[in-house]
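Notes follow once the structure below has been shown.
The values are calculated or read from the model by the stated rules, or taken from the named source; none is laboratory data. Being a predicted model, the structure only gives us computed values, none of them experimental. Reconstructed Cβ throughout: ideal geometry from the backbone, glycine too, with neighbour counts over all protein chains shown. Surface accessibility is based on the protein's heavy atoms, side chains included, excluding ligands, DNA and RNA. Shrake-Rupley method; radii C 1.70, N 1.55, O 1.52, S 1.80 Å.
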Amino acid sequence: MSDVARFYDDMAWYYHLLMEDWEASIARQRSVLGGLLERVLGKGDKRILDAACGIGTQSIGLAQLGYRVTGSDLSPAAIERAKREAIQRSLDIDFRVADLRVLSGYHAGPFEVVAAMDNALPHLESQEEMVSAIREMASLIAPGGLFLASVRDYDSLLEEKPSVTDTRVFGSGKDRRIVFQVWDWRRDGRGYRIHQYIVRHLDEGEIESRVFTTTYWAWTRRDLEYILNLLDLEKSDWLEPKDTGFFQPILMARKTA
């Protein structure tokens, strides 16, 4: 997954620009995920592993709620930024570089929650890699604890196979930026290469245009449910954006043994 690590390394100091207001996104996701965890697991001190933490959007929010958070990611640059963001907010979060496929080699469980959000799992290119990653995540979950993963709704996307996402325009004047993605689908339809564009207005009328590229695989809900059934995870539910307020569907499962 060196292509993936390079993508997030290059994006690390630009990632917040994908959102209109990153602080507001942290707060919104903090509210959604914190409420979900409290409803399912109840109140109390809990350890959470954010196994694809990026620059820390979910890790920061959950730590602000008092959870004991560990965050890891494949990208060294993303981890470096996450550490700086946590320090700026006086948060004690253990951030480290780690590969999802060999996660237990970097972390000591058990955790009450192990999560991979923001469509991280679909970077994995084969069923073997996906089984390895989910098995590693499951091995670190305490009995009765939760596995969480958010993914794009590939069941719908495979029908449409869009070539471009909606264009979002944030800010105004010299602070305006334009964000969108172009998707190149594989001939077999099971994966696609994205080109993430960020166009910014800078001082004195200059424009900065950056493009970041990586690959995703279109894992359907049935694909992921099949893999959960192979492991010590009991599928609980798909939580839909309209019900949770989160921007992607969330697959939630419990560790049964």
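With a probe of 1.4 Å, find how much accessible area the chain has per residue, and write the answer as a whole number in Å².
That works out to 47 Å² for each residue.
Pairs of Cα atoms under 8 Å, at least six residues apart: use those to get the relative contact order of the range 139-238, whole percent.
On the way: 137 pairs, mean separation 19.9, N = 100.
Taking the mean separation of contacting Cα pairs over the length of the range 139-238, I get 20 percent.
In the range 167-257, what percent of the accessible surface is made up of carbon and sulfur (1.4 Å probe, ligands and nucleic acids excluded)?
44
With each pseudo-label sitting 7 Å past Cα toward Cβ, what's the Ala142-Arg68 distance in nm, one decimal?
About 0.8 nm, to one decimal.
What's the carbon and sulfur percent of the range 1-136's accessible surface, probe 1.4 angstrom, rounded to a whole number?
Answer for the range 1-136: carbon and sulfur cover 47 percent of the accessible area.
Calculated FRET efficiency, Glu38 and Lys161, Cβ-Cβ r, R0 45 Å, to nearest 0.05?
0.70
Once you place label points 7 Å from the Cα toward the Cβ at Arg168 and Trp185, how far apart are they in nm?
2.3
Using θ = phi - 60° and the Karplus relation 6.51 cos²θ - 1.76 cosθ + 1.60, list the HN-Hα couplings for the range 170-184 in order, rounded to whole Hz, with x at every Gly or Pro.
10, x, 8, x, 6, 9, 5, 9, 10, 10, 6, 10, 10, 10, 10
Taking the alpha-carbon distance from Lys161 and a cut-off under 23 Å, which lysines remain once sequence neighbours fewer than 8 residues away in the same chain are dropped?
Cross-link targets: Lys242.
Beta carbons within 10 angstrom, averaged per residue: use that to sort the peptides 60-72, 122-134, highest first.
For the peptides 60-72, 122-134, the packing ranking is 60-72, 122-134.
Suppose every Lys and Arg Cβ carries +1 and every Asp and Glu Cβ carries -1, with no other charges. What dipole size does the chain come out with about its Cα centre, to the nearest 20 debye?
Result for the chain is approximately 340 debye, rounded to the nearest 20.
Counting each DSSP H run of 4 or more residues in the chain as -39500 (n - 2.57), what helix-only mean residue ellipticity at 222 nm follows after dividing by all residues, to the nearest 500 deg cm²/dmol?
Helices in the chain give a 222 nm mean residue ellipticity of -10000 deg cm²/dmol.
Let me know the charge dipole size of the range 147-255 about its Cα centre in debye, to the nearest 20, where only the beta-carbon of Lys, Arg (+1) and Asp, Glu (-1) is charged.
On the way: 18 positive and 19 negative charges, 37 e Å.
Here the range 147-255 has a charge dipole of around 180 debye.
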